[in-house]
Structures are given as C-alpha cells and as structure tokens.
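*Asks:* Quick one: this structure, given as structure tokens, is what I'll be asking you about.
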Amino acid sequence: MTEKLLEKKRLKGGSLSGTYFCVDGAGTAFVRKEVSLKDNREYGFQRWYSQLKRLQRYSQQFPGLFPGVIKFGRDGDLAYFDIEYIGGSITAHDYLLEHPPQKDIEKMLSVLLDSMGRMHSIQFPSTSAAMDLYVYEEMEQKIGACLGNSRFQKLIAQRDITFNGKRVTGIYWAIDEFKRCIKQSYINPVECFTHGNITLENVLYQPDEKLITLIDPYEENIIDSKLAEYSQILQSSNSYYEIYNATTPSVSDSNVEAYIEIPPGISCFNKLFFKHLEAECTKEELRVVRLFEISQYVRMLPFKMEIDEDKMELFYCLASYLFSDLLDTFSG
Ligand SMILES: Nc1ncnc2c1ncn2[C@@H]1O[C@H](COP(=O)(O)OP(=O)(O)OP(=O)(O)O)[C@@H](O)[C@H]1O
Ligand SMILES: [Mg+2]
C-alpha cells in the first residue's frame with residue numbers, strides 16, 4: 001500500500017486490534033482499524049472481520065446510526081478498514097464521567113433507546129433451545145479456552161474465590177446453576193437486529209447535536225436479543241466494566257481486590273436505565289438481562305487471557321461475585 005497520510009495517531013491500544021485517527025493527503029479525517037493477519041486470528045482477525053461486515057450492512061440499513069465504511073484492504077501482515085470520523089463526539093461513558101445534569105443524561109438515554117429501537121424493531125422468531133447453545137459456546141467453551149492457562153488453572157482449582165473481601169463460589173463451579181436459572185427465565189425467545197457489543201464505550205455521543213453513532217458492532221452473539229443488548233449497557237452502568245478495566249487489580253491466590261469509585265453520572269444513568277427496564281421488561285426478561293450481564297464477563301475471558309492475565313482473573317472473580325449476589329436477590 002503506497003498511501004500518504006498527513007497524520008496517524010493511535011486512539012486506543014491494548015486490544016488485539018489498533019484504532020487510529022488519520023488524515024489523508026487531501027486533509028480528510030477518518031478512523032482506521034487495523035489487525036494482524038498472522039497473530040491471534042480467532043480473537044483478533046475474526047472479531048475485526050465481523051465488525052467490518054456489520055458496519056457495511058448496518059451503515060446502509062440504518063442511515064446515520066453507524067459510521068460508513070470508506071475502504072478496507074491489506075497492508076502487509078495487517079488487514080485494515082477505514083470508517084468515517086465522527087467529529088465532536090465522545091463516548092457515552094466519557095460523557096457520563098463529566099457528570100452532566102440529570103436532564104442531559106435523560107436526553108442521552110432517550111436518544112440511545114431510540115437508536116437501539118431502530119435495530120431492535122426488526123424482529124424474528126427464535127427458539128428457547130438456543131440458550132443451551134449460548135451457555136455452551138459463550139460460557140463453557142470460553143472457560144474451556146482458558147484451561148491451558150496456569151493462572152486460570154489455579155483460579156478454578158478451588159471452589160471459592162474472594163472478590164473485594166467477599167467469598168463466593170467461582171462461576172466455573174456454579175455454571176450448572178447459572179444454566180438452570182437462565183433457561184428457566186428465557187421463555188419468550190424473540191431475536192432481532194442488534195449491535196452485538198453495545199457497551200457505553202462503543203456509543204459515540206455528540207452532546208451539541210444530541211446524536212448517537214454506534215461503533216464496534218459484533219457478530220458472534222449466538223442469541224441476537226434486545227435483552228443481551230440491555231445487558232451490555234448494564235455491563236457499563238451497573239457492573240462498571242470500563243472502570244474495572246482501567247484499574248490495576250491486586251491479584252493473589254483466588255483473591256482479587258479492585259476498589260473503584262463510582263462516578264455520579266454513571267449512577268444517575270444506571271438508575272434511569274433500570275427504571276426503563278422495569279417498565280419495558282417482564283420479571284423473567286429482567287432476570288435474563290441480569291444473567292446475560294454476568295455472562296458478558298465470562299465471554300471475554302479468552303480475550304483477556306491473551307492481552308492481560310490480571311484482567312482475566314479480575315473479570316472471572318467479578319462474574320462470580322455478581323452471580324452470587326444475583327442469586328441472593330432472586331431468593332430474597
Ligand atoms: N468513527 C469514529 N469517530 C470518532 N472517534 C472514534 C471512531 N471510532 C472510534 N473512535 C474513538 O476511538 C476509540 C476506540 O475505538 P474502538 O471502540 O473502535 O476501539 P477498541 O474498543 O479498541 O476496539 P475493540 O473493542 O474492537 O478492540 C473510541 O472509544 C472512540 O473514542
Ligand atoms: Mg470499543
């Protein structure tokens with residue numbers, strides 16, 4: 001590739017792909033996402049590829065909701081795609097960290113719900129048998145993918161783990177109970193068009209225009225349900241994925257400590273979002289949302305194992321803690 005860029009600046013690192021802000025020879029800004037064609041293809045290239053294909057389709061199907069794909073190709077050992085740069089935007093997560101007034105948070109939530117609603121309104125019937133496949137593929141297989149890791153072996157060798165001083169059963173040992181709970185509650189199996197990885201970090205917000213653009217969609221979800229989408233929002237607002245992910249946890253012998261401060265903007269958003277969920281969902285659906293929320297932390301374990309083993313331990317223990325806590329609320 002012989003292309004001259006006036007600027008190329010890394011926006012975010014740390015994962016298996018790299019995202020860059022670029023300016024081409026004509027002065028036009030765009031975003032490039034690169035991934036290795038050689039290393040870690042399963043958690044790198046496959047994931048990048050599924051994003052590219054969703055972006056191509058969805059930017060046509062839902063105009064204005066996703067950045068358009070400008071081009072994609074190969075640069076030596078890297079694959080890349082270029083997408084429109086959304087100027088004046090910040091992630092919904094960063095927006096909430098600024099602690100905007102409640103009425104501005106309400107507005108952002110309402111734009112987010114409308115944006116999700118555009119995708120979720122295209123529905124198709126599904127089957128409750130799919131949940132068995134989901135738990136197998138997205139939880140049991142993902143745990144299985146970590147079993148060769150010596151730190152993970154140590155973590156699951158004992159039944160209990162400690163997360164921030166609370167001793168609970170590790171989710172590896174509670175997976176049958178998890179399966180029983182989620183299958184019992186998944187009684188209205190409807191699927192729909194989804195983003196697939198809609199954490200608040202993957203929602204770009206332009207506060208002046210009150211516009212939302214979604215980035216980082218993801219294909220491999222087994223069950224494309226609005227309940228899974230809501231669970232990914234909760235991952236950000238209720239179990240603080242981004243905040244935990246930015247910590248340096250202290251990790252030793254099945255004991256993880258990661259103390260965080262909860263930003264008031266996030267708490268406010270979470271309260272408003274729960275109010276919406278309680279109005280829209282049945283009791284069973286809400287249970288599925290909360291169980292999906294926990295499953296998100298299990299699904300990510302092999303990715304974390306590849307890039308940061310401390311985070312693998314952190315999220316295993318967080319998932320275990322969240323499940324134990326949820327069981328208490330179910331029985332309470
Ligand atoms: N089209 C865009 N316009 C403006 N900013 C963008 C755009 N795409 C990404 N960004 C910025 O770059 C950051 C990282 O982008 P992205 O979410 O695609 O990467 P990532 O989370 O590292 O990817 P992945 O989760 O797929 O590994 C975003 O949080 C956002 O701030
Ligand atoms: Mg992202």
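A quick yes/no check of all residues on (1) in contact with a Phe, Trp or Tyr (Cβ under 7 Å, 6 or more places away or on another chain); (2) buried (at least 17 other Cβ atoms within 10 Å of the Cβ):
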residue: C268; (1), (2): no, yes
residue: K275; (1), (2): no, no
residue: Y297; (1), (2): yes, yes
residue: F303; (1), (2): yes, yes
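*Asks:* For the stretch 127-155, name all the residues that are in contact with a Pro (Cβ under 7 Å, 6 or more places away or on another chain), outside any helix (DSSP H, G or I) and under 17 Å from K311 (Cα atoms). It would help to see each step written out before you state the result.
*Replies:* Going residue by residue through the stretch 127-155, those that are in contact with a Pro (Cβ under 7 Å, 6 or more places away or on another chain) are 127-128, 130, 142, 145-146.
Now drop any that are not outside any helix (DSSP H, G or I), which leaves 127-128, 145-146.
Hits for the stretch 127-155 are A145, C146.
*Asks:* Show me the helices (runs of 4 or more DSSP H) entirely contained within the stretch 156-255 in which 1 or more residues are touching a helix residue (DSSP H, G or I) at 6+ places or on another chain (Cβ under 8 Å) and closer than 22 Å to Q61 by Cβ. It would help to see each step written out before you state the result.
*Replies:* Values: elements: 175-185, 226-237, 241-245.
Once the helices (runs of 4 or more DSSP H) in the stretch 156-255 are filtered for at least 1 residues that are touching a helix residue (DSSP H, G or I) at 6+ places or on another chain (Cβ under 8 Å) and closer than 22 Å to Q61 by Cβ, what remains is 226-237.
*Asks:* Only residues in the stretch 86-102 that are farther than 22 Å from Q232 by Cβ and outside any helix (DSSP H, G or I) count as the first member; pair them with residues that are among the acidic types (D, E) and away from ligand 2 (no atom under 16 Å from the Cβ), Cβ under 9 angstrom, at least 6 apart or cross-chain, and list the lot.
*Replies:* Within 9 Å, the pairs are G88/D208; G88/E209.
*Asks:* All but one of (1) touching a Ser or Thr at 6+ places or on another chain (Cβ under 6 Å); (2) not in a helix (DSSP H, G or I) hold for I266; state the number of the condition that does not hold.
*Replies:* Here I266 meets the rest and fails (2).
*Asks:* Based on this model, can you work out whether I198 counts as over 21 Å from A319 (Cβ atoms), under 12 Å from the mean Cα position of the chain (by Cα), within 15 Å of ligand 2 (Cβ to nearest atom) and in the same structural domain as Y316 (by TED's automatic domain parsing)? Outline the logic, then answer.
*Replies:* On the way: over 21 Å from A319 (Cβ atoms): no; under 12 Å from the mean Cα position of the chain (by Cα): yes; within 15 Å of ligand 2 (Cβ to nearest atom): yes; in the same structural domain as Y316 (by TED's automatic domain parsing): yes.
When the stated conditions are applied, I198 does not pass them.
*Asks:* Go through the stretch 277-295 and give me each residue that's open to solvent by less than 30 Å² (accessible area, probe 1.4 Å) and of a type in the set (A, V, I, L, M, F, W, C).
*Replies:* L277, C281, V288, V289, L291, F292, I294
*Asks:* Something else about it: For a quick check of your reading: which strands (runs of 3 or more DSSP E) sit entirely within the stretch 1-77 and have at least 2 residues that are open to solvent by less than 30 Å² (accessible area, probe 1.4 Å)? So that I can check it myself, show each step before the final result.
*Replies:* On the way: elements: 5-12, 17-24, 29-36, 69-75.
The qualifying strands (runs of 3 or more DSSP E) are 17-24, 29-36.
*Asks:* Still on this structure, I have one more. From I233, I243, which residue is free of Cβ contacts under 8 Å to residues at least 24 places away in the same chain and among the β-branched types (V, I, T)? Show your work before the answer.
*Replies:* Details: I233 fails: free of Cβ contacts under 8 Å to residues at least 24 places away in the same chain.
The match here is I243.
The values are calculated or read from the model by the stated rules, or taken from the named source; none is laboratory data. Since we're looking at a predicted model, the values are computed, not measured. We place every Cβ from the backbone using ideal geometry, glycine too, and count neighbours over all the protein chains shown. Surface areas here come from the heavy atoms of the whole protein model, side chains and all, with no ligands, DNA or RNA. Shrake-Rupley method; radii C 1.70, N 1.55, O 1.52, S 1.80 Å.
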